[in-house]
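These notes are about the structure you will find just below.
The values are calculated or read from the model by the stated rules, or taken from the named source; none is laboratory data. As the structure is a prediction and not an experimental result, all values here were calculated from the model. So basically every Cβ, Gly included, is an ideal-geometry build from the backbone, and we count neighbours across all protein chains shown. These accessible areas exclude ligands, DNA and RNA; they are computed on the full protein's heavy atoms, side chains included. Shrake-Rupley method; radii C 1.70, N 1.55, O 1.52, S 1.80 Å.
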Amino acid sequence: MHRKSPSTALFSETVGGHVFLPMRRALLAGLAAIALTGTLGCQQAEAPTGKPPEGPPPNIKIAQPLSQDVTEWDEYTGRIEAVESVEIRARVSGYLDKVNFKDGEKVKKGDLLFVIDPRPFKAQLAYAAAELERFRSRKELASNDMARAENLFKVKAISKEEFDARQKGLREAAAAVESASANVETARLNLEFTQVRAPINGRIGRESITEGNLVKNDDTLLTTIVSIDPVYVYVDADERAVLKYRRQMRQNGGREAGIAGTPVELALTDETAFPHRGILDYIAPREDTATGTVTLRGVFANTDELLSPGFFARLRVRAGEPYPALLLPDRAIGTDQAQRFVWVTNPNNEVEYRKVELGAHIGQSRVISKGLKAEDWIVVEGLQKLRPGIKVNPERISLAEPSKGH
């Protein structure tokens, strides 16, 4: 019988009567290799890698805040209205005989616009004039009778009753003359009203009725006329703003409770600046309790006829006297939650985080109330590349003046 030695039993294995000595040895060799690989990996992981190479300093543009006197304005929205607007209607009824204008043209006060057939009114005037002459002759006859009656009554040739009757006859004839005169004046006015004339200067609308149609007095709308220059703009301001304007005017020697004369500016829908200058000339005598606002009215010259009644408009009212301020464009101001900040460069070309407080909008810029000095250099382009303490490659530029806020 064959007997395995202890060393052979430890490192061999019998399968199907055959002995395999290398199996255990191979297993141990594999474990040793795995351990060696892990050790080398740890050594490589623990090896110092160093900092990655930094890129070149980012290129940015810096500028000093713009120093200038600014004026703050309160902005409102409203509509342009004509100072005068008239609906043209006929004062007499009749058939429209003639239209004497072109739609949309400018007219002057007194210009002939429409003609209503005047023939019936000429006939009425002639009849009234004839009636007046008839009553005048009756008055002359009554006056002669009265003169004879006075002489006869003095010599007691007629009775008191007959004398009184002739007096009353004279008064009646005189009243008839007055009535006939009034009828003549009415007929003359009606004939005059057949010519419909412009009551104001302005621009006329289109004709609402054409020639040949029947026109009813005080009913048929013929056309409209609106004045052109100047124009009004109505806006609604809150109570605090109105009180501010009143105190401002009082300090400037204006009327005690009024705001008339307060400077205002106007911009149309397609305008970003406020090129139109005017003044406030009216404030409503009471506040609208439903909205808590007071109606203000600005008046503006309109010599170029750019401002048309009905147009939407933005109106701003000067909210105070000019004052010196530092301004930065909106693009230079960052937002950190509720905090506003800017990046300031130091002499070492490093950027610093600086909190600021903002004031009013002046054009496309903002007033910096706190946090900056006029000599500071502020990053105005390239903000997205920055972090505190980073080195930068700055290019100094000058800020252009913002749209005037005054």
**Odd one out for N190 among (1) among the polar types (S, T, N, Q); (2) under 30 Å from S93 (Cα atoms); (3) at pLDDT below 90** = (3)
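Just one of K139, K102, K108 is open to solvent by 40 Å² or more (accessible area, probe 1.4 Å) and in contact (Cβ under 8 Å) with a residue 40 or more places away in the chain; which is it?
Result of the check over K139, K102, K108: K108.
From the list E211, E140, E178, E172, which residue is within 22 Å of L112 (Cβ to Cβ), among the acidic types (D, E) and at pLDDT 80 or above?
E211
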**Prompt:** Do we find that R277 is within 27 Å of V70 (Cα to Cα), open to solvent by 30 Å² or more (accessible area, probe 1.4 Å) and basic (K, R) in this structure?
**Reply:** yes
**Request:** For the range 210-231, state whether one or more residues are without any contact (Cβ under 8 Å) to a residue 60 or more places away in the chain and buried (at least 16 other Cβ atoms within 10 Å of the Cβ).
**Result:** no
**Request:** Go through T295, T335 for me and flag whichever is open to solvent by 20 Å² or more (accessible area, probe 1.4 Å), among the β-branched types (V, I, T) and without any contact (Cβ under 8 Å) to a residue 40 or more places away in the chain.
**Result:** T335
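Results for (1) of a type in the set (D, E, K, R); (2) on the phi > 0 side of the Ramachandran plot; (3) in contact with a Phe, Trp or Tyr (Cβ under 8 Å, 6 or more places away or on another chain); (4) open to solvent by less than 30 Å² (accessible area, probe 1.4 Å), shown as yes or no for each residue.
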| residue | (1), (2), (3), (4) |
| --- | --- |
| G261 | no, yes, no, no |
| A267 | no, no, yes, yes |
| E271 | yes, no, no, no |
| I283 | no, no, no, no |
| E305 | yes, yes, no, no |
| A313 | no, no, no, yes |
| D330 | yes, no, no, no |
**Request:** Considering only the range 289-334, state which residues are of a type in the set (D, E, K, R) and either part of a strand (DSSP E or B) or under 18 Å from M249 (Cα atoms) (or both).
**Result:** R297, R314, R316, R318, E321
**Set V92, V115: member being out of contact with any Phe, Trp or Tyr (no Cβ under 6 Å at 6 or more places or on another chain), modelled with pLDDT of 90 or more and either closer than 30 Å to G205 by Cβ or not hydrophobic (A, V, I, L, M, F, W, C) (or both)** = V115
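Which ones in the range 111-136 are aliphatic (A, V, I, L, M) and surrounded by fewer than 18 Cβ atoms within 10 Å (Cβ to Cβ)?
Residues satisfying the conditions are L112, V115, A123, A126, A129, A130.
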**Asked** E357 passes all but one of (1) modelled with pLDDT of 85 or more; (2) open to solvent by less than 50 Å² (accessible area, probe 1.4 Å); which number fails?
**Response** (2)
**Message:** Which pairs turn up if I take residues in the range 381-396 that are more than 17 Å from L328 (Cα to Cα) and among the aliphatic types (A, V, I, L, M) and look for partners that are assigned to a strand (DSSP E or B) and open to solvent by less than 80 Å² (accessible area, probe 1.4 Å) with beta carbon separation below 6 Å, at least 6 apart in sequence or on another chain?
**Reply:** L386/W343; L386/V351; I390/V351; V392/I60; V392/V351
**Asked** Pairs, please: C-beta under 7 Å, at least 6 apart or cross-chain, first residue under 11 Å from L125 (Cα atoms) and in the range 179-193, second polar (S, T, N, Q) and in a helix (DSSP H, G or I)?
**Response** A187/Q124; N190/Q124
